[in-house]
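Working notes, beginning with the structure itself.
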Amino acid sequence: MSQSQTTEIRAIIESWADAVRRHDYPSVLAHHDQDIVMFDVPPPLQSRGLDEYRKTWDLFFKYNRPSYAFDIEEIAITAGADVAFAVAVMRCGAPQSTFQFRLTIGLRKVDGSWRITHEHHSVPATD
């Protein structure tokens with residue numbers, strides 16, 4: 001794994017998180033593949049394709065105002081020549097009620113650019 005690949009992937013994820021904080025749909029989608037598959041906490045459990053992925057943010061943005069936390073607390077990136085993944089612990093929500101969740105992102109290099117092909121958000125079970 002080269003340092004430049006790690007730096008590039010980290011920048012993509014940080015810009016995505018910043019776009020979520022700003023409710024900037026085009027920037028949220030900017031590095032996602034047309035065939036993205038996402039597993040999320042609220043329904044639908046699985047979203048396939050960029051249009052379905054975009055719709056998942058409608059619910060999130062309905063309850064989270066711009067500038068609310070959507071922050072990377074920890075991140076680890078593993079990258080090969082054309083496939084990579086990142087695992088992160090994130091913090092989300094209003095200043096007085098933030099919560100942590102887990103994020104896993106799978107990426108593929110397509111035509112020389114990293115594209116997010118899989119995204120998985122989860123929270124620990126409470127039972």
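Just so it is clear, none of the values below were taken in a lab; they were calculated from the coordinates. Here the structure is a predicted model, which means the values were calculated and not measured. With ideal geometry, Cβ positions are generated from the backbone for all residues, glycine too; neighbour counts draw on all protein chains shown.
Relative contact order of the chain: 23 percent, from C-alpha pairs under 8 Å at least 6 residues apart in sequence.
Sparse packing (at most 10 other Cβ atoms within 10 Å of the Cβ) combined with a DSSP loop state is found for none of the chymotrypsin sites (Phe, Trp or Tyr not before Pro) in the range 30-127. Phi angles across the range 80-94 convert, under the Karplus curve 6.51 cos²θ - 1.76 cosθ + 1.60 with θ = phi - 60°, into 3J(HN,Hα) values of x, 5, 9, 9, 8, 9, 9, 10, 8, 10, 10, 10, 9, x, 5 Hz, Gly and Pro given as x. Axis angle, to the nearest 10 degrees, between helix 50-63 and the longest C-alpha principal axis of the chain: 30 degrees. With Cα atoms as the point set, the range 9-66 shows a radius of gyration and Dmax of 11.1, 28 Å. Phi-derived couplings, Karplus 6.51 cos²θ - 1.76 cosθ + 1.60 at θ = phi - 60°, listed residue by residue for the range 97-108: 9, 6, 9, 9, 9, 9, 10, 10, 10, x, 10, 10 Hz, with x used for Gly and Pro.
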